[in-house]
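The values are calculated or read from the model by the stated rules, or taken from the named source; none is laboratory data. What you are looking at is a predicted structure, and each value in this text was computed from that prediction instead of being measured. Positions of Cβ are generated from backbone atoms using ideal geometry, with glycine treated the same way; all protein chains shown enter the neighbour counts. The protein model used for the area step is the full one, side chains on, heavy atoms only, and it has no ligands, DNA or RNA in it. Shrake-Rupley method; radii C 1.70, N 1.55, O 1.52, S 1.80 Å.
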Amino acid sequence: MAEYPALYLLIDGERVTGGGRRTFSVVNPASGEAIGALPLAEAADLDRALEVAAKGFRIWRKSTPQERAAVLQGAARLMAERQEQLARIATMEQGKPLAESRLEVMMNVGLFNFYAGEVFRLYGRELVRPEGTRSTVRHEPVGPVAAFAPWNFPLGNPGRKLGAPIAAGCSVILKAAEETPASALGVLQCLLDAGLPKEVAQAVFGVPDEVSRHLLASPVIRKLSFTGSTVVGKHLAKLAAEDMKRTTMELGGHGPVLVFGDADIDKALETAVFGKYRNAGQVCVSPTRFIVEETVFERFRDGFVERAKAVKVGDGLADGTRMGPMANPRRPEAMDRLIGDAKAKGAVLHTGGERIGNQGFFYAPSVLSEVPLEADIMNEEPFGPVALINPYKGEGEMIAEANRLPYGLAAYAWTGDYQRQRRLAAEIEAGMVGINSHMIGGADSPFGGVKWSGHGSEDGPEGVMACLVTKAVHEG
Ligand code: NAD
């Protein structure tokens, strides 16, 4: 079994540690015990990383598509080879079941291989102009990227943050979550072992606000890529605006799921319950607000509760675990607060609503129904294993509820009516809509939101385009 590895900052290819730096204690969420000490960057470390990133950009912007593809494909191959080791590390520091961590590795493998093909398609165009003159449109890498990744997909988030800039010819300074550093370092190591020049991708950790203020204040950084909460996203977008840096913001959501009377209810239940408790609900596209037509409300609610009760909760490393602990102590606290507030305002708790055991950060799969709209949980992203199920009269009311919040990341709908499917696809305000399916991602498909869920996309051709700027050249 892979042991938890040593932790460091990776600056200019050097594993930086010690030297009187502050440290952060990484905890296994299944036990609550410390498993590693992460050094935190000081201002001088960040300055060094910036200087190296500027050099890395000068090197990598000139790389050929063949060189970029070789690195991305090589890293994909290494990740697949190291799948078990990477997955165990991710589960140790984040808690999710091993099967989910393994899938994260394969998500990165798919994405890196897709981007390896995409680098050959970053061509511009030539405009029709009078003879003797020429006008061309070029796409150039935007410059060094500061990328901040959260803890909920400890392998997948760093994969997204690194893959796109590297495909585009940028350098990148990654600050992954301090709570899940070893997974991020493992992904980065695959790129370096595949031949990526050490100046091109670096990893720092620190006090998040110190690091982001420092990096975003530097003119070296030309783009911010952030995944995390809307509150932090707005704060960082303001910092980026000071220097007019490009931004890709993947922020929070509050996934509505519209279930109509004409839907395949059993399929909707199987899919939605699986989706809800994946990663203990700590997923930005998690299905959360179940907006159910009143004719099937009781059947759907009871079916959901029955299935939620059957979800096996345990250590992510143990066989048969369907749901692991929550990733950090803030999450069960948030669950208690949000579910307590909902109950006090009249919601009915059918199952869960409490922690499991007194070791680690386990929380029971929970279901609330008849949740008043003024309950905090109907307005704030719960980011936990709780489903909110309410009855509605018909399509108009259901669409209005889906669009009520300022969030617009993922939305889902279950209906057998083809005309309705088309109306919903058009009317629902979201970056991604799943109809009779919760499979809303893929290496080739843009992933991102609208409204307070952010802007810009990761994955797909759009993910690479987001790291390019456009230049028009006119020759007389
Ligand atoms: P948080 O909002 O403080 O942190 C979210 C992430 O942003 C963490 O990885 C953190 O390290 C990072 N972060 C925080 N402040 C930062 C800063 N100034 N500069 C750069 N990075 C910064 O709190 P949290 O308790 O970790 O998470 C709370 C909420 O965040 C969740 O309830 C959820 O709504 C949201 N979240 C969203 C995602 C997502 O995938 N969109 C992932 C994780 C958390």
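Listing for the model above:
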item: Members of the range 315-346 found to be more than 13 Å from GLY384 (Cβ to Cβ) and in contact (Cβ under 8 Å) with a residue 60 or more places away in the chain, listed by number; result: ASP315, GLY316, LEU317, THR321, ARG322
item: Enumerated helices (runs of 4 or more DSSP H) restricted to the range 23-102, each holding at least 1 residues that are of a type in the set (Gly, Ala, Ser) and in contact with a Gly (Cβ under 7 Å, 6 or more places away or on another chain); result: 65-81
item: Members of the range 117-167 that are among the aliphatic types (A, V, I, L, M), buried (at least 24 other Cβ atoms within 10 Å of the Cβ) and in a loop (DSSP other than H, G, I, E, B); result: LEU155
item: Single condition ARG330 does not satisfy, out of (1) over 30 Å from ALA177 (Cβ atoms); (2) within 16 Å of the ligand (Cβ to nearest atom); result: (1)
item: Hits in the range 60-114 - residues which are of a type in the set (S, T, N, Q) and touching a Pro at 6+ places or on another chain (Cβ under 6 Å); result: GLN94
item: Residue list for the range 419-464, restricted to those being under 16 Å from the mean Cα position of the chain (by Cα) and hydroxyl-bearing (Ser, Thr, Tyr); result: SER445, SER453, SER457
item: Filtered residue count, the range 61-95, keeping only those that are surrounded by 24 or more Cβ atoms within 10 Å (Cβ to Cβ) and in contact with a Lys or Arg (Cβ under 8 Å, 6 or more places away or on another chain); result: 2
item: Cross-chain or 6+ apart pairs with Cβ under 8 Å, the range 144-170 first and more than 27 Å from ARG88 (Cβ to Cβ), then near the ligand (Cβ under 10 Å from one of its atoms) and open to solvent by 10 Å² or more (accessible area, probe 1.4 Å); result: ALA146/LYS175
item: Qualifying residues in the range 168-199 (those that are open to solvent by less than 10 Å² (accessible area, probe 1.4 Å) and among the polar types (S, T, N, Q)) - the one nearest to the ligand (Cβ to nearest atom); result: THR180
item: Hits in the range 333-356 (condition: of a type outside the set (Asp, Glu), open to solvent by 30 Å² or more (accessible area, probe 1.4 Å) and within 16 Å of the ligand (Cβ to nearest atom)); result: ARG337
item: The range 216-268 - residue that is within 16 Å of the ligand (Cβ to nearest atom) and among the acidic types (Asp, Glu) and, of those, farthest from TYR407 (Cα to Cα); result: ASP243
item: Residue under evaluation ASP444, criteria (1) assigned to a loop (DSSP other than H, G, I, E, B); (2) open to solvent by less than 50 Å² (accessible area, probe 1.4 Å); (3) on the phi < 0 side of the Ramachandran plot, criterion not met; result: (2)
item: Checklist (1) assigned to a helix (DSSP H, G or I); (2) more than 16 Å from the ligand (Cβ to nearest atom) applied to ILE291, failing item; result: (1)
item: Residue satisfying condition, being within 16 Å of the ligand (Cβ to nearest atom), open to solvent by 40 Å² or more (accessible area, probe 1.4 Å), within 23 Å of PRO365 (Cβ to Cβ) and outside any loop (DSSP other than H, G, I, E, B), within set ARG278, ARG213; result: ARG278
